[in-house]
Amino acid sequence: LTAETGGSRKMQEKGYRPIMAATILEARNVLLLDYFRLQRPMPSAIVCDVRLDEQLISHFAMYLSVTPEYAGIPFITVPPGDDASFDLEALKGVDDVCSAATSVDDLCAKIEVLGKYKRLKQTLPYRSMEATEGPQFPPPGHFFLRAVDIAVASLALVALSPVMLVIGAAIKLD
């Protein structure tokens, strides 16, 4: 969702359809109405280029990430001016932070790359470490098998050490 800037026209020229929303609540309503209820194609990305509280941005990003319909959409924030106080690590759920000086071409390239990454990530058969509850323990027989492995390896090392000693001495004398 982009605010009304000169970049909106350029984004339209690149094939994107910018939608303006002044608040996070309005942005959420636009997503619910335009894309979910009216069954329009999902947006290629959500670009937030207005000055908002980091907590609001994080809350909106988390809403997007837990809603299956929106989870594959890149979410990029563009703080106004040269505001370097936005920290991507602090903004949970935000995929990237661009400076206001980022060109429309660079922003479009980021949208393409992040979109491909998020689509790939959704297809990978893995579980997030955050999704697991509590510590994961190995199966009950694992400890016994590990003990047998160590015991057999130790016995093999002790049994073969005289052979290795003879081979080492032969190499040294040669």
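The values are calculated or read from the model by the stated rules, or taken from the named source; none is laboratory data. Everything numeric here is computed off the predicted structure, so don't read it as measured data. Virtual Cβ from ideal backbone geometry, glycine too; neighbours counted across all protein chains shown. All accessible areas refer to the heavy atoms of the entire protein, side chains included, with ligands and DNA or RNA removed. Shrake-Rupley method; radii C 1.70, N 1.55, O 1.52, S 1.80 Å.
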Which condition breaks for ASP83 when tested against (1) surrounded by 10 or more Cβ atoms within 10 Å (Cβ to Cβ); (2) of a type in the set (Asp, Glu); (3) modelled with pLDDT of 80 or more? (3)
Residue that is modelled with the highest pLDDT, among those in segment 55-72 that are assigned to a loop (DSSP other than H, G, I, E, B) and out of contact with any Ser or Thr (no Cβ under 9 Å at 6 or more places or on another chain): GLY72
Against the definition (assigned to a loop (DSSP other than H, G, I, E, B), of a type in the set (Ser, Thr, Tyr) and either modelled with pLDDT of 80 or more or open to solvent by 80 Å² or more (accessible area, probe 1.4 Å) (or both)), how does TYR126 come out, yes or no? yes
Hey, any hits in segment 86-96 for a residue that's of a type in the set (Gly, Ala, Ser) and at pLDDT below 75? yes
